[in-house]
């Protein structure tokens, strides 16, 4: 069974409304159509409706599968704006929001903010920066979260970890140099996300060059502090460290290096990197030398689920990320 | 709108967003060093400026300003372009 089979099954049980502000891109449209046709999502195409309909007809897609939302539909736009500005804690007011909503990405996110959609899925034409900025401005961050971060799901051939060949890692894509508090939040959100996706009991290792004080210095101290904060904030979660990577995932090494009880050491299913240098290089090592498939990045920290796929992503990868996003959104409603 | 009026609105917005007193903020205030804060505060600041001046200020443009004076310059430039 592939990594995504279980997630696809879950998605079908509770299909979520996914807004696509880039459906004029053929890859995005195909991915939206195929995931919808198979019953994983309810797609909403946001943009120029007549153009999008023409594209669907040209591709031979059944238009009845989609909800088309035209960003020039004044009545609907006004309704969305009124709903949005009446929400507590929103920065933007009517005029400014009206202007921003000329961009389909912002329009889609406003729909999501007022519960007309459950996910905004973008990134094939928009840059990561565009998606993150719009997300911060329209959707906002979770309370107590000061930075956006991400995790990726790696399927590593030949790796026999505590969850078989699968390992969740974060942050390899977004947050450059988290402080201890931010690192703790990344670990906590990674646990919640992984639990929602896989029903795993999260075992999260915060990694460093040091295992429980074997190395000294401020880089390791940040990780120690982050573990402490995470444990204080969410004592029920198994978040532990600081561990070297081998002590985190290899039971034999853990036996030697971790001379105290730990639910995580040697059997971690989530690895939290100390910063983006490590994280990005780490995931590239997994891909290049370990021939891993990496899904994501799954963005963490927003009030709702936003997905920024890779601009070079093939249709199958986009479909995988759409379904993952849908399952994450469904978990928020439970 | 003249520069002074734009400056007043930008400074007022900075005070609200970063919870500072007006006396602490001037065109020389360095956004990163003197104000610090998370990037979400810059999002809030841009939103307030957009609300007040009815203009779209791209976040990367605002984020590239080192000082409040530079931010005022950028907003003024956008307003002039219409």
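Taken together, the values in this text are just the output of simple stated rules run on the coordinates, not laboratory data. What you see is a predicted model; the values in this text were computed from it and never measured. We place every Cβ from the backbone using ideal geometry, glycine too, and count neighbours over all the protein chains shown.
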Practice task
Report, in degrees rounded to the nearest 10, the 0 to 90 angle that the Cα long axis of helix A:26-37 makes with the longest principal axis of chain A.
Solution key: 90
Handout entry: segment A:213-316: equivalent-ellipsoid semi-axes (sqrt of 5 x gyration tensor eigenvalues, Cα, Å)
Key = 27, 18, 14
Exercise for the section: Between residue B:28 and residue B:64, with labels modelled 7 Å along Cα→Cβ, what's the label distance in nm to one decimal, could you check? Expected result: 2.6
Exercise for the section: Please give the contour-minus-distance gain from residue A:315 to residue A:26: 0.36 nm per residue of separation, less the Cα-Cα distance, rounded to one decimal in nm. Expected result: 103.1 nm
Practice task
Neighbouring Cβ atoms within 10 Å as the yardstick, rank A:219, A:252, A:197 fewest first.
Solution key: A:252, A:219, A:197
Practice task
Provide A:273, A:200, A:26 in ascending order of the number of other Cβ atoms located within 10 Å of each residue's Cβ, fewest first.
Solution key: A:26, A:200, A:273
Practice task
Using only Cα atoms, locate the centre of segment A:221-237 and the centre of segment A:57-118, then give the distance between them in Å, rounded to an integer.
Solution key: 39
Exercise for the section: Grab the beta carbon distance between residue B:81 and residue A:252, set R0 = 60 Å, and tell me the FRET efficiency rounded to 0.05. Expected result: 0.40
Completion exercise
Here the gain from full extension of residue A:99 to residue A:78, 0.36 nm per residue of separation minus their alpha-carbon distance, amounts to 6.4 nm
Fill in the blank from the handout: From the Cα centre of segment B:11-82 to that of segment A:120-196, the distance in Å is 28
Practice task
Taking the convex hull of the Cα atoms, report for segment B:1-62 its projected area averaged over all directions, in nm².
Solution key: 4.1
Exercise for the section: For every helix of n ≥ 4 consecutive DSSP H residues, a contribution of -39,500 (n - 2.57) applies; sum these over chain A, divide by its total residues, and give [θ] at 222 nm rounded to the nearest 500 deg cm²/dmol. Expected result: -13500 deg cm²/dmol
Completion exercise
For segment A:107-181, the Cα convex hull volume per residue in Å³ comes to 153
Problem - Gyration tensor (Cα) of chain A, equivalent ellipsoid semi-axes in angstrom - result: 37, 22, 15
Exercise for the section: State, to one decimal in nm, how far the label point of residue A:34 lies from the label point of residue A:200, with both points 7 Å from Cα in the Cβ direction. Expected result: 2.6
Fill in the blank from the handout: When A:259, B:53, A:105 are ranked with the fewest other C-beta atoms within 10 Å first, the list becomes A:259, B:53, A:105
Practice task
Taking chain A as the reference, fit the longest principal axis to its C-alpha atoms, fit the long axis of helix A:180-198 to the helix C-alpha atoms, and give the angle between the two in degrees, 0 to 90, nearest 10.
Solution key: 70
Exercise for the section: Could you work out, for segment A:154-254, what percent of all Cα-Cα pairs fall into each 5 Å distance bin, beginning at 0 Å and stopping at the bin that holds the largest distance? Expected result: 2, 13, 22, 25, 22, 12, 3, 0
Handout entry: Once the Cα gyration tensor of segment B:29-82 is diagonalised, semi-axes √(5λ) in Å
Key = 18, 13, 8
Exercise for the section: Extending each Cα 7 Å along its Cβ direction at residue B:56 and residue A:54, get the distance between those two points in nm, one decimal. Expected result: 2.2
Completion exercise
So residue A:86 and residue A:291, fully extended at 0.36 nm per residue minus their Cα-Cα distance, gain in nm 68.9 nm
Completion exercise
Restricting to Cα pairs under 8 Å and 6 or more apart, the percent relative contact order of segment B:42-82 works out to 34
Practice task
Rounded to the nearest 10 degrees, what's the angle between the helix A:218-233 long axis and the longest principal axis of chain A, both from Cα atoms, 0 to 90?
Solution key: 70
Practice task
Give me Rg over Rh for segment A:1-114, both radii from the alpha carbons and Rh done the Kirkwood way, two decimal places.
Solution key: 1.03
Fill in the blank from the handout: In whole µm²/s, the translational diffusion coefficient that Stokes-Einstein assigns to segment A:184-234, given a Kirkwood hydrodynamic radius over C-alpha pairs, 20 °C and 1.002 mPa s, equals 182
